[in-house]
Amino acid sequence: MTATGAAAEADAEARSILESAAAASFPPLHAVHHLLSVGVCVRCIFRLFGAFSSAIPCLSLTASVLHSFLEEHEDSTKNGSCSCLSTDVACCSICFGVLLPTCYQDDGTEPLHSVTPIDNVTSMISQTVLKEGHQIDEFSLEISLPAVIAANDRATRLYIKEKYGNADWFNEKIFSQTMSVKEALRMLLVPSLEKQMNVKHVSNSFRIRLTYTHEEASQKLLKLLPNDRGRKRKAESRDGKSTKRDSTDDDKHILSESDSFINKTLEGIEDQEFCSLLQLPPEKVLKPCHLVISCQRSPIYIGGRYLKLSRNVSQSCWIIDDERMGEASVEEIIGENVCAICKGDGYKFHAAGREDIDVRMLGSGRPFLVEVLNVRSIPSATEVQQIADKINNSEKKHVRVINLKLVGSEIWTMMREGEAEKQKQYAALIWTSRPLTDDDLHNISLVKDMEIVQKTPIRVLHRRSPLERKRIIHWMEIEKIAGRSNYYLLHLCTQAGTYIKEFVHGDLGRTHPSFGVMLSCRAEILQLDVTDVKMDFLQ
């Protein structure tokens, strides 16, 4: 098809849509013309009067086309020059060009560089997804618009009511099918995005977020609203020190706060007061919105159980006064390997409890989850196994993982609930100030579900609240170390949250009864291993 033929076909399509809208949805055409003249774009006119859906596929619906249609059907547009085609107005007074990024100057051929066609906008979005390396099979679209757009939308509807309220054709139901700017924009963008990226738009964990802002218009509106002075940040805090910050990063936060304030304030204002505060109709706008495109995937979770085989590896990264404690951490060894395969922005490490740096985690391992943030790709079962192999075959052998797998977010809740109910088993190398008799060993083995009371240990008082906790020692067994008097291997099973070291030595009487008090001697713990964490979790 020739360019002339395509143009004729597009023009015919636009005229057909206009004729249908004029017959079914539009108010009298002189009112439509007036809206054009005060700076309302074609798509907002269709949106206001419930005819937007029919206009979506027609990119040739411009102010020029609508004006030509009005000239043919409405006498008021035939008298000389018309302000609705003014070349100095680039953006809609309601949507600020968000809905009509395909805008043309009077001759209908030269695109304005301040705006972008719909397909160009979606191309920018798909390029952002591609540039950030996301692998997706579905997406959801989130849109954030400045509050001033909703305010101008309301102002325009009130202006129409004020100007034409006494006309025979006007009634309140004329706006019953009005579509919001946000929903209209979604309807414009989604089909093009689906085509560009070859994936479907659904409610999905991968989210594309479009954040539109218009700082100048937002600030103008903010000054018109009541109680603005009370909203502003106070320059002085209660102790007299300045709380002002000169960081440019604060501007975005302040802008977001402003939008929140505008929305909340306008919701509480009746129409009469609204009309007295805001200009009706809204003033024409030269500057379009600023658009920021961002992509975000909901966190994914990779879980399993870990063994810690070193007494010089902490569970989480431990730094005191810029000095690392220990050689490494379980968190870093597992988390960094997981994050590298998933290509995430970062990760959070969660475990069912923790052991001290000098305590090994043996047996069936401790349950853990790695929460990976904004991953570019979701790992396959093969890739998860590659992560496990890399950790387990590490030269230093500090940490091993068992049953590593991709899990759902519900596992997080299961782990937290099970953590409070779990039992843990330990093996402790201890020393006593006197040799233990056979009766001592027998009496220890008779212990069943003994309650102890533990005050917060002295060694952790600097970071834990001073509380008193009741805990259960479920059972104990003890064996002699061959050839070494006064040295024993104590096996015990306890309630989660029991401080084992303090149970053995008593912590200066803060744990009662303690192992030493039970045997009427001094007892010290030399080494400790966790041998089992009893949880029905990723076994």
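The values are calculated or read from the model by the stated rules, or taken from the named source; none is laboratory data. From a predicted model like this one, the values you see are computed outputs, not experimental measurements. Reconstructed Cβ throughout: ideal geometry from the backbone, glycine too, with neighbour counts over all protein chains shown. Only protein heavy atoms, including side chains, enter the accessible area calculation; ligands, DNA and RNA are left aside. Shrake-Rupley method; radii C 1.70, N 1.55, O 1.52, S 1.80 Å.
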Inset, instruction - Could you tell me the accessible area of Arg510 in Å² (1.4 Å probe, neighbours in place), rounded to the nearest ten? - result: 60
Inset, instruction - Quickly work out the Glu270-to-Gln386 label distance, labels modelled 7 Å from Cα along the C-beta direction, and quote it in nm with one decimal. - result: 6.7
Inset, instruction - Work out the FRET efficiency for Asn312 and Leu130 from their Cβ-Cβ distance, taking R0 = 60 Å, and round it to the nearest 0.05. - result: 0.85
Legend entry - Computed Rg/Rh of the stretch 397-539, alpha carbon atoms with Kirkwood Rh: 1.02
Legend entry - For the stretch 344-412: Kirkwood Rh in Å [reciprocal of mean 1/r, alpha carbons]: 13.7
Inset, instruction - Would you kindly find the accessible area of Asp119, with a 1.4 Å probe and non-protein molecules such as ligands, DNA and RNA excluded, rounding to the nearest 10 Å²? - result: 80
Inset, instruction - May I ask you to give the solvent-accessible area per residue for the chain, in square angstrom, as obtained with a 1.4 angstrom probe? - result: 52
Legend entry - Unsatisfied cross-links (Cα-Cα over 30 Å) in the set Lys131/Lys397; Lys390/Lys455; Lys287/Lys348; Lys161/Lys195; Lys131/Lys200: Lys131/Lys397; Lys390/Lys455; Lys287/Lys348; Lys161/Lys195
Legend entry - Mean shadow area of the chain, taken as a quarter of the surface of its Cα convex hull (nm²): 36.3
Inset, instruction - Pull out a ≥ b ≥ c, the square roots of the eigenvalues of the alpha-carbon gyration tensor of the stretch 351-458, then state rounded if a/c is under 1.5, prolate if not and a/b is larger than b/c, and oblate in the remaining case. - result: prolate
Inset, instruction - Alpha carbons only, please: Rg and Dmax for the stretch 299-421, in angstrom. - result: 13.9, 41
Inset, instruction - Determine, from the Cβ-Cβ distance of Glu71 and Ala12 and an R0 of 22 Å, the FRET efficiency 1/(1 + (r/R0)^6), rounded to the nearest 0.05. - result: 0.80
Legend entry - Ranked packing of 271-284, 41-54, most packed first, by mean Cβ within 10 Å: 41-54, 271-284
Inset, instruction - Filter the GluC sites (Glu not before Pro) in the stretch 293-368 to those in DSSP coil with at most 15 other Cβ atoms within 10 Å of their Cβ, and list the result. - result: Glu327
Inset, instruction - First check a/c for the stretch 316-380, with a ≥ b ≥ c the square roots of the eigenvalues of its C-alpha gyration tensor; if it is under 1.5, answer rounded, and if not, answer prolate when a/b is larger than b/c or oblate otherwise. - result: oblate
Legend entry - With DNA, RNA and ligands ignored, accessible area of Trp169 (1.4 Å probe; Å², nearest 10): 70
Legend entry - Low-density loop positions, GluC sites (Glu not before Pro), the stretch 381-468 - DSSP coil, at most 10 other Cβ in 10 Å: Glu395
